[in-house]
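Q: A single structure is presented below for examination.
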Amino acid sequence: MKLTRSTIIAVLVLSCTAAFGQTTVKLGFLSHDKQTQYCDFERLTVEKNLVVTGVHFISASGSVTCFNEPGFNGVMAGLVTSFPANSGLPVTGTVATFADNTYDQQQGFMGACGCSEYYVSILRPSTAAEKNAGKFGWALYTNFGGTAALQNFGFTTKQLGNNNANAADTFDLKLN
């Protein structure tokens, strides 16, 4: 009888673990010029191929910070969706779309403004073929006072930071 209960509990635990399955991916940002590797990077966790949460790391490594900022990392939250190739958007296909509070966390240039940053990102490093074809892997939109605008875009990379000082295992995310 104890073996049966143990078996049932083990099956339930494994089922719940699979149901709440999640995958983590870490990606760096390469500019659209294919030369500028930014020092910030994103660590995203995708749950059930739908919900995206993560951190926008501004501190590249220890005392090194990006953009002369104080190093406050941002929180990211969003969803996985798909944009058609003919949408006119810089990043298309299956992507993560998520808001990022980094700008407000760092209190911007003139203090906290309630501004938001919004990213669209593929969930794997851009391939050499995609770079050559100009198929971008990330885009950043910024909302200042109700007006959103495309601020920057480029390619996703495995390199985390501009000198890869914080290199870590990168997991390619496979969506069903």
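Each reported figure results from applying straightforward, stated rules to the coordinates on display, with no laboratory input. Keep in mind that what you see is a predicted model, and the values were worked out from it rather than measured. Glycine gets a Cβ as well: all are built from the backbone with ideal geometry, and neighbour counts include every protein chain shown.
Q: State, to one decimal in nm, how far the label point of residue 144 lies from the label point of residue 31, with both points 7 Å from Cα in the Cβ direction.
A: 1.9 nm
Q: When Lys and Arg each count +1 and Asp and Glu each count -1, what net charge do the other residues less than 10 Å away from residue 154, Cβ to Cβ, add up to?
A: +1
Q: Mind ranking 150-157, 117-124 by how tightly packed they are, going by the mean number of other C-beta atoms within 10 angstrom, highest first?
A: 117-124, 150-157
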